[in-house]
Amino acid sequence: MSSEDAAAAAMRADGVAGLRRRYARRYVMGRVALYAMAVMAALVCALPFLWSLISAFKQNQDLYNPDNDPFVFNKPATPDHVRYLFADTGFPTFVGNTLLVGTAVVAVTLLLALPAAYSLARLDRPWGTPMGIGIFLVYLVPPSLLFLSLTRVVVALGLADSLWSMIVIYPTFTVPVSVWLLIGFLKAVPKDVEEQAMVDGHSRLGAFVRIVLPLVFPGIVAVVVFAFTLTASEFVYALAFVSAAPGMVVSTGVPTQLVRGDVFYWQSLQAAAVFTAVPIAFAFNLFLDRFVTGFTMGAVKT
């Protein structure tokens, strides 16, 4: 190889190495920028929870002074307002009512949604797709259009001012969205698995219970979390159906107990928000991928 060819090869090698270094720097800078934006977005999303947590332990002189920094304790922190929430209000009762109503509604939701979703996912009928879409559209009807008529239903059944009113009505909006989620998970289970079980002697119900349910268990868990979240955060129906404090849930009991006329117990309100919202948000985000999978698969394959 002549000296000119060697020089040209060296220049090409230097050029390739330079391009590689440039692309490597660009890749590293892109990843750093991506993670920086992700951290900033996480901080922005977590900011309300952080502010609520700090405010729950602030003294009145610290909270009501506009010159003080809202994200630090300008005066020593105090647990008095958190203690007031648990000792002098019905917050523990509200939490217990919420857990009771949520558990009952989840049980009713699974009892109704699993057979409905299975029939729409497995039985090939021309009305399957329109019915699946129609069931989901029921969930989109706003409660503000229904609570008056449903209140008449609750009164006619003799369930006013009782937890049973919420247990009976809440499945009207948890079942449709749960059916739509479960359709996606059931569509992901091959039909051959059930057919093989029926060849081995199982009935369709036996194949569904013994084979399908274990395979869609992650979807069932996601539906449980989602239905409980909807139940715990619902406000309009709970306010319309129950007016007695002992029968209230967190969504209605906390505002009525801690907002009295123009007096707001801000620290206790913030503490109640943290104690109820953080566990639900954690559980919801834990199964977020499964929610997305259920919605998208149901939309495509129904």
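The values are calculated or read from the model by the stated rules, or taken from the named source; none is laboratory data. Everything numeric here is computed off the predicted structure, so don't read it as measured data. Don't worry about glycine lacking a Cβ; one is built from the backbone with ideal geometry, like all the others, and counts go over all protein chains shown. Each accessible area value is taken on the protein alone, full model and side chains, heavy atoms only, with ligands, DNA and RNA left out. Shrake-Rupley method; radii C 1.70, N 1.55, O 1.52, S 1.80 Å.
Send over the per residue convex hull volume for the stretch 96-233, Cα only, as a whole number of Å³. Before the final figure, lay out each step's value.
Numbers: hull volume 17.1 nm³, N = 138.
So the per-residue Cα hull volume is 124 Å³.
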For the stretch 80-301, whose charge dipole is built from +1 on Lys and Arg Cβ atoms and -1 on Asp and Glu Cβ atoms, the candidate among VAL212, PHE282, ALA87 with its Cα farthest towards the positive end is VAL212
Over all viewing directions the Cα convex hull of the stretch 199-277 casts an average projected area in nm² of 8.0 nm²
Here the relative contact order (percent) of the chain, from C-alpha pairs under 8 Å and at least 6 apart, is 27 percent
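Sorted by accessible area (1.4 Å probe), largest first, how do MET248, MET198 line up?
Details: MET248 15, MET198 65 Å².
Correct descending sequence by accessible area is MET198, MET248.
Report, to the nearest whole %, how much of the accessible area of the chain belongs to carbon and sulfur atoms, 1.4 Å probe, protein only. If you can, show how the numbers build up before the last one.
Working: 12130 of 17310 Å².
Ligands and nucleic acids excluded, carbon and sulfur give 70 percent.
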Place a point 7 Å from the Cα of ALA283 in the direction of its beta carbon; the residues of the stretch 210-251 whose amide N falls under 11 Å from it are 222-233
Residue ranges of DSSP H helices in the chain that stretch 15 Å or more (Cα, own long axis) and have mean Kyte-Doolittle hydropathy of at least 1.0 are 91-122, 128-139, 171-187, 217-233, 266-286
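Per DSSP H run of n ≥ 4, the term is -39500 (n - 2.57); total these for the chain, divide by its residue number, and report the mean residue ellipticity at 222 nm rounded to 500 deg cm²/dmol.
On the way: 15 runs with 224 residues, N = 302.
For the chain, the value works out to -24500 deg cm²/dmol.
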So, with points 7 Å from each Cα along the Cβ direction, the CYS45-SER149 label distance in nm works out to 3.7 nm
accessible surface per residue for the chain, probe 1.4 Å, DNA/RNA/ligands not counted, whole Å² -> 57 Å²
Between (1) 29.4; (2) 14.5; (3) 15.2, the structure-derived mean projected area of the Cα convex hull in nm² is (1)
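Placing unit charges on C-beta atoms (Lys and Arg positive, Asp and Glu negative, everything else neutral), compute the dipole magnitude of the chain about its Cα centre in debye, rounded to 20.
Values: 20 positive and 17 negative charges, 127 e Å.
Using only the charged Cβ atoms, the result is roughly 620 debye.
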